[in-house]
Amino acid sequence: MTIDLRDLLEERIDAVPASVGDLDRVRSTGRRIRGRRRAALGAAAAALVLAGGTAVIAVDDRTSGGEDSAPDQTRYASLGALDFSEGARAFGDASHVYLGGRKVPAENLQWLDTDAAATSYGIVFYDRGRPMLLDPSGEFSALVDGPLDQAPRFHPTAKAEGAKPIVAWATLRDGQVTISVYDLVAGDVVASVEPDCGRCADLVIDGIDKGVVFVRTGGGTRTWDSATGKWADFAGPQTRVADVRDGVVLYDGPAPTDVGDWHLVAGAIDAQLTLDGDHVLYWSSTLEPTAPGGEPIVLERGAVDGQGYGQWTIDTDGSVLVITAGRGDDDVVYDCTVPSGVCEEILTFTATGGDPMFMGNDM
């Protein structure tokens, strides 16, 4: 197996908005890109070491043969029961990962990075092209059976639908992509489709809302309604869907041309929507409204104006996790309720190996 370093770097560099002379914003963006790149490359290389292989960084788009069965689950750390009742609370650094009230050495969780999908029903992640689930009991399971192709350039991502137990992913088998919508509670695929693009090496799932999957390729973004099976054009190749929640689409780039019933909100590619779609979270403790005339939400903790050190994400229960500087080298983690903005301190820790990251929640 090889890792396409060029594609990984280009995808993340392309997602960074051009600087407008704001030094603090430039530094913040640089930290985020370094962290996301480190997570993607480090996780892939470490997974190979665990599997007994050797990491090779190369430019290669060949597809290797499929696996006959799910990955050996003994490679995963034994976590025990996890408490997702107040959100996944998944964050960490180079040394440890905090997840569902547990603290686990990061070396045992190389698969858990910012490209995984955190939900209230577990963490969905890819292992060599196969969707896997870590459920709240701490057990691991493969969500797709049978052989799958291992294509280094195939990075489709998995996305969860707000607070619902629905996840969308894409897999590659015998050179054909399949997009699936999966119910985590029922434990079954509720809809699937084979898009008419062959291997679709550049296919990415950017979001799912109301059963509609937003699918991006080099030609642009289209939507697939998993209930009706209908495909529809949405936006051109220069537009990126940052997030979609409760009928609201947060996008970066030119405005989508085929809107339908979606409410559009322009924003940055690394911004997020609250689960109700009413506010935008963008590296600040002030969440801006998506409706004209709406009131912002101001969190009790964090850099309100977006300047200074801080990290933010929407947790699986709809609250906002905030990591900000404490005394000395410590970072303080808060869980802030939406829409009240009231924040509860969770813990204090000293980050190692760079800025902390929110696992299973890319921003």
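The values are calculated or read from the model by the stated rules, or taken from the named source; none is laboratory data. What you are looking at is a predicted structure, and each value in this text was computed from that prediction instead of being measured. A quick note on method: Cβ atoms are made from the backbone with ideal geometry, for glycine too, and the neighbour counts reach across all protein chains shown. What goes into the accessible areas is simple: the full protein's heavy atoms, side chains included, and nothing from ligands, DNA or RNA. Shrake-Rupley method; radii C 1.70, N 1.55, O 1.52, S 1.80 Å.
Here are a few things to note about the model shown:
- Residue match in the stretch 209-219 (condition: among the polar types (S, T, N, Q), in a strand (DSSP E or B) and farther than 19 Å from D115 by Cα): no
- Any hit, the stretch 240-251, residues being in contact with a strand residue (DSSP E or B) (Cβ under 6 Å, 6 or more places away or on another chain), surrounded by 15 or more Cβ atoms within 10 Å (Cβ to Cβ), part of a strand (DSSP E or B) and aromatic (F, W, Y): yes
- Selection count where residues are open to solvent by less than 70 Å² (accessible area, probe 1.4 Å) and touching a His at 6+ places or on another chain (Cβ under 8 Å), scope the stretch 327-346: 1
- Residue count for the stretch 117-140, restricted to those that are closer than 14 Å to R89 by Cβ and under 13 Å from the mean Cα position of the chain (by Cα): 3
- Flag for G360 being under 18 Å from the mean Cα position of the chain (by Cα) and open to solvent by less than 30 Å² (accessible area, probe 1.4 Å): yes
- Among the residues listed as G138, G162, G146, the single one being buried (at least 21 other Cβ atoms within 10 Å of the Cβ) and at positive phi: G162
- Candidate set from the stretch 97-122 (those that are more than 20 Å from W312 (Cβ to Cβ) and in a strand (DSSP E or B)); member that is modelled with the highest pLDDT: G122
- Residues located in the stretch 321-349, provided they are over 27 Å from P105 (Cβ atoms) and touching a Phe, Trp or Tyr at 6+ places or on another chain (Cβ under 8 Å): C343
- Taken together, D329, D258, D276, D270 contain a single residue that is under 22 Å from V244 (Cβ atoms), acidic (D, E) and without any contact (Cβ under 8 Å) to a residue 40 or more places away in the chain, which is D258.
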